[in-house]
Amino acid sequence: MDAVCARAQFHAENPVVVDATLGGAGHAAALVGLMPPGGVFLGIDRDPEALVRGRDRLAAARCTVHLHHGEFSELPEVLERHGVPKIDFLLADLGVSSFQLDEAGRGFSFAADGPLDMRMNPEAGETLLEKLASVEYADLASILRRFGEEPAAGPIARSILRALEQDQLHSTADLAAAVTRVVPAFTRNLHPATKTFQALRIWVNGELEEVEALLEAVPDLLAPGGRMLVISFHSLEDRLAKQAFAKLCHPERDIPSWVPLTRDQMPKARFRTEGPIGPDAGEIEANPRSRSAKLRVLWALEDAT
Ligand SMILES: C[S@@+](CC[C@H](N)C(=O)[O-])C[C@H]1O[C@@H](n2cnc3c(N)ncnc32)[C@H](O)[C@@H]1O
(Lines give C-alpha, C1' and ligand atoms only; values in the text may rest on other atoms or scores of the structure.)
Protein backbone atom coordinates (compact mmCIF):
# COMPACT_ATOMS: atom_id res chain seq x y z
CA MET A 1 0.00 0.00 0.00
CA ASP A 2 2.78 2.46 0.96
CA ALA A 3 4.73 1.70 -2.21
CA VAL A 4 1.60 2.38 -4.28
CA CYS A 5 0.74 5.66 -2.52
CA ALA A 6 4.37 6.84 -2.72
CA ARG A 7 4.00 6.73 -6.52
CA ALA A 8 0.70 8.60 -6.51
CA GLN A 9 2.03 12.16 -6.64
CA PHE A 10 -0.01 13.78 -9.35
CA HIS A 11 1.46 16.47 -11.61
CA ALA A 12 -1.82 17.14 -13.41
CA GLU A 13 -4.12 19.65 -11.72
CA ASN A 14 -7.10 17.33 -12.23
CA PRO A 15 -5.59 13.85 -12.42
CA VAL A 16 -7.32 10.81 -13.89
CA VAL A 17 -6.74 7.76 -11.70
CA VAL A 18 -7.83 4.23 -12.61
CA ASP A 19 -7.99 1.29 -10.24
CA ALA A 20 -8.46 -1.55 -12.72
CA THR A 21 -8.92 -4.10 -9.91
CA LEU A 22 -11.14 -2.41 -7.33
CA GLY A 23 -11.56 -5.50 -5.06
CA GLY A 24 -12.28 -4.47 -1.47
CA ALA A 25 -11.40 -0.86 -2.46
CA GLY A 26 -8.55 -0.55 0.06
CA HIS A 27 -6.15 0.89 -2.52
CA ALA A 28 -8.98 2.88 -4.08
CA ALA A 29 -9.85 4.58 -0.78
CA ALA A 30 -6.19 5.50 -0.23
CA LEU A 31 -5.80 6.86 -3.77
CA VAL A 32 -9.04 8.85 -3.70
CA GLY A 33 -7.88 10.37 -0.41
CA LEU A 34 -4.85 11.80 -2.25
CA MET A 35 -6.87 13.29 -5.13
CA PRO A 36 -8.02 16.91 -5.48
CA PRO A 37 -11.75 17.67 -5.96
CA GLY A 38 -11.22 18.21 -9.71
CA GLY A 39 -9.78 14.71 -10.19
CA VAL A 40 -11.56 11.78 -11.81
CA PHE A 41 -11.35 8.29 -10.32
CA LEU A 42 -12.45 5.22 -12.28
CA GLY A 43 -12.74 1.88 -10.48
CA ILE A 44 -13.20 -1.35 -12.44
CA ASP A 45 -13.95 -4.88 -11.30
CA ARG A 46 -15.54 -7.90 -12.95
CA ASP A 47 -17.05 -8.93 -9.59
CA PRO A 48 -20.28 -7.02 -8.81
CA GLU A 49 -19.60 -7.53 -5.08
CA ALA A 50 -16.46 -5.35 -5.43
CA LEU A 51 -18.55 -2.51 -6.83
CA VAL A 52 -20.92 -2.68 -3.86
CA ARG A 53 -17.93 -2.46 -1.51
CA GLY A 54 -16.35 0.31 -3.59
CA ARG A 55 -19.53 2.40 -3.63
CA ASP A 56 -19.66 2.18 0.13
CA ARG A 57 -15.98 2.89 0.80
CA LEU A 58 -15.70 5.75 -1.67
CA ALA A 59 -18.96 7.46 -0.72
CA ALA A 60 -17.16 10.40 0.92
CA ALA A 61 -14.73 11.00 -1.98
CA ARG A 62 -14.19 14.66 -2.94
CA CYS A 63 -13.35 13.88 -6.55
CA THR A 64 -15.60 12.46 -9.28
CA VAL A 65 -15.95 8.68 -8.93
CA HIS A 66 -17.05 6.32 -11.71
CA LEU A 67 -17.38 2.59 -11.04
CA HIS A 68 -17.53 0.11 -13.89
CA HIS A 69 -18.62 -3.51 -13.71
CA GLY A 70 -16.64 -5.41 -16.32
CA GLU A 71 -13.22 -6.60 -17.44
CA PHE A 72 -10.17 -4.35 -17.43
CA SER A 73 -9.46 -5.46 -20.99
CA GLU A 74 -12.38 -3.14 -21.90
CA LEU A 75 -10.47 -0.13 -20.53
CA PRO A 76 -10.10 1.83 -23.81
CA GLU A 77 -13.88 1.66 -24.46
CA VAL A 78 -14.72 2.49 -20.83
CA LEU A 79 -12.47 5.57 -20.91
CA GLU A 80 -14.02 6.68 -24.18
CA ARG A 81 -17.50 6.32 -22.71
CA HIS A 82 -16.50 8.63 -19.84
CA GLY A 83 -14.82 11.12 -22.18
CA VAL A 84 -11.40 10.50 -20.60
CA PRO A 85 -8.57 10.60 -23.19
CA LYS A 86 -5.50 9.97 -20.98
CA ILE A 87 -4.64 8.43 -17.61
CA ASP A 88 -2.25 9.86 -15.00
CA PHE A 89 -2.16 6.80 -12.77
CA LEU A 90 -3.34 3.21 -13.18
CA LEU A 91 -3.16 0.39 -10.66
CA ALA A 92 -3.68 -3.28 -11.51
CA ASP A 93 -3.49 -5.38 -8.33
CA LEU A 94 -3.90 -8.76 -10.00
CA GLY A 95 -5.48 -11.96 -8.74
CA VAL A 96 -8.34 -12.54 -6.32
CA SER A 97 -9.60 -10.35 -3.49
CA SER A 98 -9.51 -11.49 0.12
CA PHE A 99 -13.32 -11.39 0.25
CA GLN A 100 -13.52 -13.71 -2.77
CA LEU A 101 -11.05 -16.18 -1.21
CA ASP A 102 -12.71 -16.07 2.19
CA GLU A 103 -16.24 -16.68 0.95
CA ALA A 104 -16.54 -20.49 0.66
CA GLY A 105 -19.52 -20.15 -1.70
CA ARG A 106 -17.29 -18.65 -4.42
CA GLY A 107 -15.29 -21.88 -4.67
CA PHE A 108 -11.78 -20.34 -4.76
CA SER A 109 -10.39 -22.05 -1.70
CA PHE A 110 -9.56 -25.51 -0.43
CA ALA A 111 -9.43 -24.13 3.11
CA ALA A 112 -13.24 -23.92 3.23
CA ASP A 113 -15.49 -26.33 1.33
CA GLY A 114 -17.52 -24.74 -1.47
CA PRO A 115 -18.94 -25.33 -4.95
CA LEU A 116 -16.65 -25.79 -7.97
CA ASP A 117 -17.24 -22.29 -9.32
CA MET A 118 -14.15 -19.97 -9.21
CA ARG A 119 -15.68 -17.29 -11.46
CA MET A 120 -14.67 -13.76 -10.46
CA ASN A 121 -17.86 -12.60 -12.17
CA PRO A 122 -20.55 -14.99 -10.94
CA GLU A 123 -22.95 -13.55 -13.54
CA ALA A 124 -21.03 -14.71 -16.63
CA GLY A 125 -19.07 -17.59 -18.11
CA GLU A 126 -18.81 -21.26 -17.22
CA THR A 127 -18.13 -22.49 -13.69
CA LEU A 128 -15.12 -24.70 -13.02
CA LEU A 129 -17.38 -27.77 -12.86
CA GLU A 130 -18.93 -26.92 -16.25
CA LYS A 131 -15.50 -26.44 -17.79
CA LEU A 132 -14.15 -29.68 -16.29
CA ALA A 133 -17.12 -31.58 -17.74
CA SER A 134 -15.89 -30.95 -21.28
CA VAL A 135 -12.09 -30.84 -20.93
CA GLU A 136 -9.79 -33.53 -22.36
CA TYR A 137 -7.03 -35.08 -20.24
CA ALA A 138 -4.18 -33.60 -22.33
CA ASP A 139 -5.66 -30.10 -22.17
CA LEU A 140 -6.21 -30.28 -18.41
CA ALA A 141 -2.66 -31.50 -17.83
CA SER A 142 -1.36 -28.65 -19.99
CA ILE A 143 -3.45 -26.09 -18.03
CA LEU A 144 -2.02 -27.35 -14.72
CA ARG A 145 1.50 -27.28 -16.13
CA ARG A 146 1.27 -23.84 -17.77
CA PHE A 147 -0.86 -21.90 -15.29
CA GLY A 148 0.20 -23.67 -12.09
CA GLU A 149 3.75 -24.69 -13.00
CA GLU A 150 2.67 -27.98 -11.38
CA PRO A 151 5.29 -30.74 -11.85
CA ALA A 152 2.70 -33.51 -11.24
CA ALA A 153 0.27 -32.07 -13.81
CA GLY A 154 -0.37 -35.41 -15.57
CA PRO A 155 -1.24 -37.55 -12.52
CA ILE A 156 -3.34 -34.72 -11.02
CA ALA A 157 -5.31 -34.22 -14.27
CA ARG A 158 -5.99 -37.96 -14.44
CA SER A 159 -7.09 -38.07 -10.79
CA ILE A 160 -9.47 -35.08 -11.24
CA LEU A 161 -11.08 -36.59 -14.34
CA ARG A 162 -11.39 -40.00 -12.64
CA ALA A 163 -13.17 -38.38 -9.67
CA LEU A 164 -15.50 -36.61 -12.11
CA GLU A 165 -16.29 -39.87 -13.93
CA GLN A 166 -16.99 -41.64 -10.63
CA ASP A 167 -19.32 -38.82 -9.53
CA GLN A 168 -16.94 -37.90 -6.68
CA LEU A 169 -16.22 -34.31 -7.69
CA HIS A 170 -18.78 -31.88 -6.30
CA SER A 171 -16.87 -29.42 -4.12
CA THR A 172 -13.51 -27.76 -3.50
CA ALA A 173 -12.84 -30.36 -0.78
CA ASP A 174 -13.39 -33.13 -3.39
CA LEU A 175 -11.00 -31.32 -5.74
CA ALA A 176 -8.33 -30.99 -3.04
CA ALA A 177 -8.81 -34.70 -2.22
CA ALA A 178 -8.34 -35.63 -5.90
CA VAL A 179 -4.98 -33.81 -5.77
CA THR A 180 -3.78 -35.21 -2.44
CA ARG A 181 -4.58 -38.76 -3.61
CA VAL A 182 -1.65 -38.43 -6.06
CA VAL A 183 0.50 -35.68 -4.44
CA PRO A 184 0.11 -36.17 -0.70
CA ALA A 185 3.13 -34.23 0.59
CA PHE A 186 3.36 -30.57 1.56
CA THR A 187 6.36 -28.79 0.02
CA ARG A 188 7.74 -25.59 1.57
CA ASN A 189 4.54 -25.21 3.64
CA LEU A 190 2.41 -25.22 0.48
CA HIS A 191 -0.75 -27.32 0.48
CA PRO A 192 -0.37 -29.90 -2.35
CA ALA A 193 -3.45 -28.44 -4.10
CA THR A 194 -2.21 -24.81 -4.13
CA LYS A 195 -0.82 -24.86 -7.67
CA THR A 196 -3.81 -26.80 -9.02
CA PHE A 197 -6.27 -24.27 -7.57
CA GLN A 198 -4.22 -21.38 -8.98
CA ALA A 199 -4.08 -22.96 -12.44
CA LEU A 200 -7.80 -23.73 -12.56
CA ARG A 201 -8.72 -20.22 -11.39
CA ILE A 202 -6.52 -18.65 -14.09
CA TRP A 203 -8.17 -20.93 -16.67
CA VAL A 204 -11.76 -20.27 -15.56
CA ASN A 205 -11.23 -16.49 -15.64
CA GLY A 206 -8.96 -16.21 -18.70
CA GLU A 207 -6.65 -14.21 -16.45
CA LEU A 208 -3.47 -14.13 -18.53
CA GLU A 209 -5.31 -13.02 -21.69
CA GLU A 210 -6.84 -10.20 -19.64
CA VAL A 211 -3.43 -9.09 -18.32
CA GLU A 212 -1.92 -9.22 -21.82
CA ALA A 213 -4.72 -7.02 -23.18
CA LEU A 214 -4.24 -4.48 -20.37
CA LEU A 215 -0.45 -4.36 -20.83
CA GLU A 216 -0.98 -3.82 -24.54
CA ALA A 217 -3.54 -1.01 -24.15
CA VAL A 218 -2.31 1.10 -21.23
CA PRO A 219 1.03 2.50 -22.50
CA ASP A 220 -0.75 4.45 -25.26
CA LEU A 221 -3.29 5.72 -22.75
CA LEU A 222 -0.77 7.17 -20.26
CA ALA A 223 -0.45 10.96 -20.13
CA PRO A 224 3.14 12.34 -20.11
CA GLY A 225 4.46 11.67 -16.58
CA GLY A 226 1.70 9.08 -16.07
CA ARG A 227 2.37 5.67 -14.60
CA MET A 228 1.05 2.13 -14.53
CA LEU A 229 1.55 -0.02 -11.44
CA VAL A 230 1.15 -3.79 -11.64
CA ILE A 231 1.09 -5.93 -8.51
CA SER A 232 1.30 -9.64 -9.21
CA PHE A 233 1.24 -12.67 -6.96
CA HIS A 234 2.80 -15.31 -9.17
CA SER A 235 5.63 -15.52 -11.65
CA LEU A 236 3.40 -15.92 -14.74
CA GLU A 237 1.80 -12.49 -14.34
CA ASP A 238 5.03 -10.88 -13.14
CA ARG A 239 6.84 -12.20 -16.21
CA LEU A 240 4.21 -10.69 -18.53
CA ALA A 241 4.60 -7.25 -16.91
CA LYS A 242 8.39 -7.50 -16.81
CA GLN A 243 8.66 -8.42 -20.50
CA ALA A 244 6.09 -5.86 -21.70
CA PHE A 245 7.75 -3.04 -19.73
CA ALA A 246 11.27 -4.02 -20.87
CA LYS A 247 10.14 -3.94 -24.51
CA LEU A 248 8.71 -0.42 -24.08
CA CYS A 249 11.85 0.84 -22.34
CA HIS A 250 14.20 -0.61 -24.98
CA PRO A 251 12.62 -0.03 -28.42
CA GLU A 252 16.12 -0.29 -29.93
CA ARG A 253 16.07 -4.04 -29.20
CA ASP A 254 13.44 -4.45 -31.95
CA ILE A 255 15.87 -3.16 -34.59
CA PRO A 256 17.78 -6.06 -36.19
CA SER A 257 21.52 -5.77 -35.61
CA TRP A 258 22.23 -5.63 -39.36
CA VAL A 259 20.24 -2.36 -39.82
CA PRO A 260 22.87 0.43 -40.00
CA LEU A 261 21.61 3.11 -37.58
CA THR A 262 23.72 5.63 -35.69
CA ARG A 263 23.05 6.17 -31.99
CA ASP A 264 21.03 9.34 -32.84
CA GLN A 265 18.87 7.45 -35.31
CA MET A 266 17.90 4.78 -32.78
CA PRO A 267 14.26 4.93 -31.56
CA LYS A 268 14.02 6.76 -28.21
CA ALA A 269 12.35 5.14 -25.21
CA ARG A 270 9.16 6.93 -24.10
CA PHE A 271 9.09 5.02 -20.81
CA ARG A 272 11.18 3.94 -17.89
CA THR A 273 10.50 1.09 -15.52
CA GLU A 274 10.98 0.36 -11.84
CA GLY A 275 10.85 -2.88 -9.87
CA PRO A 276 10.30 -5.55 -8.81
CA ILE A 277 9.46 -4.08 -5.40
CA GLY A 278 8.40 -6.50 -2.63
CA PRO A 279 6.28 -5.80 0.45
CA ASP A 280 8.02 -4.53 3.60
CA ALA A 281 7.92 -6.40 6.91
CA GLY A 282 5.04 -4.26 8.25
CA GLU A 283 2.90 -5.02 5.22
CA ILE A 284 3.55 -8.76 5.47
CA GLU A 285 2.62 -8.69 9.14
CA ALA A 286 -0.61 -6.79 8.45
CA ASN A 287 -1.51 -8.95 5.45
CA PRO A 288 0.36 -12.29 5.24
CA ARG A 289 -1.13 -12.88 1.75
CA SER A 290 1.01 -9.98 0.45
CA ARG A 291 4.15 -12.10 1.11
CA SER A 292 4.60 -13.07 -2.54
CA ALA A 293 3.47 -9.75 -4.07
CA LYS A 294 5.72 -7.98 -6.59
CA LEU A 295 5.16 -4.43 -7.78
CA ARG A 296 6.40 -3.19 -11.16
CA VAL A 297 5.98 0.37 -12.38
CA LEU A 298 5.97 1.78 -15.91
CA TRP A 299 6.57 5.55 -16.09
CA ALA A 300 5.71 7.55 -19.22
CA LEU A 301 8.51 10.11 -19.62
CA GLU A 302 7.33 13.72 -19.50
CA ASP A 303 9.54 14.97 -22.30
CA ALA A 304 9.09 11.98 -24.65
CA THR A 305 8.36 13.07 -28.22
C1 LIG B 1 -6.15 -8.55 -5.54
S2 LIG B 1 -7.77 -7.96 -5.76
C3 LIG B 1 -7.64 -6.23 -5.64
C4 LIG B 1 -7.64 -5.75 -4.23
C5 LIG B 1 -7.71 -4.24 -4.13
N6 LIG B 1 -6.49 -3.62 -4.61
C7 LIG B 1 -8.00 -3.79 -2.71
O8 LIG B 1 -7.37 -2.83 -2.24
O9 LIG B 1 -8.88 -4.38 -2.08
C10 LIG B 1 -8.08 -8.21 -7.45
C11 LIG B 1 -9.47 -7.82 -7.92
O12 LIG B 1 -9.40 -7.71 -9.33
C13 LIG B 1 -10.55 -8.23 -9.92
N14 LIG B 1 -10.16 -8.66 -11.27
C15 LIG B 1 -9.29 -9.64 -11.59
N16 LIG B 1 -9.17 -9.74 -12.92
C17 LIG B 1 -9.96 -8.78 -13.44
C18 LIG B 1 -10.25 -8.37 -14.78
N19 LIG B 1 -9.70 -8.97 -15.82
N20 LIG B 1 -11.10 -7.33 -14.96
C21 LIG B 1 -11.66 -6.70 -13.89
N22 LIG B 1 -11.44 -7.06 -12.61
C23 LIG B 1 -10.59 -8.08 -12.39
C24 LIG B 1 -10.97 -9.36 -9.02
O25 LIG B 1 -12.36 -9.60 -9.14
C26 LIG B 1 -10.57 -8.83 -7.64
O27 LIG B 1 -11.65 -8.20 -7.01
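What to note about this one:
- Helix axis angle, 153-165 relative to the chain longest principal axis, alpha carbon, degrees: 60
- Relative contact order for the stretch 123-204, counting Cα pairs under 8 Å that sit 6 or more residues apart, in percent: 38
- Fraction of accessible area attributable to carbon and sulfur, the stretch 53-165 (%, probe 1.4 Å): 47
- The stretch 36-110 and the stretch 236-305: distance between their alpha carbon centers, rounded to Å: 24
- Counting Lys and Arg as +1 and Asp and Glu as -1 over every other residue whose Cβ lies under 11 Å from the Cβ of GLY43, the net charge comes to +1.
- Using only side-chain charges placed at the Cβ, +1 for Lys and Arg and -1 for Asp and Glu, the dipole size of the stretch 123-204 relative to its Cα centre rounds to 440 debye.
- Label-point gap, in nm, between VAL259 and LYS247 - each point 7 angstrom along Cα→Cβ: 1.5
- 0 to 90° range, to nearest 10: angle between helix 194-205 axis and the chain longest Cα axis: 60
- Assigned charges on the beta-carbon of Lys, Arg, Asp, Glu; the chain dipole about Cα centre (debye): 760
- Residues with amide H under 5 Å from that of VAL65, placed H, sequence gap 5 or more: PHE41
- From phi via Karplus (6.51, -1.76, 1.60), per-residue ³J(HN,Hα) for the stretch 283-296 in Hz, x at Gly/Pro: 5, 5, 5, 6, 9, x, 5, 7, 3, 9, 6, 10, 9, 10
- The chain, relative contact order in percent, only Cα pairs under 8 angstrom and at least six apart counted: 15
- Quarter of Cα convex hull surface for the stretch 70-216, i.e. mean projection, nm²: 10.0
- Nearest-ten-degree value, helix 137-148 long axis tilted from longest Cα axis of the chain: 50
- Globularity ratio of the stretch 17-73, using Cα Rg and 2.2 N^0.38 Å: 0.98
- Whole-Å semi-axes of the ellipsoid equivalent to the chain (Cα gyration tensor, √5λ, descending): 36, 25, 17
The values are calculated or read from the model by the stated rules, or taken from the named source; none is laboratory data. This structure is a prediction, so every number in the text was calculated from the model and none was measured. Note: ideal-geometry Cβ built from the backbone for every residue, glycine included; neighbour counts use all protein chains shown. Areas reflect the complete protein model, heavy atoms only, side chains present, ligands, DNA and RNA absent. Shrake-Rupley method; radii C 1.70, N 1.55, O 1.52, S 1.80 Å.
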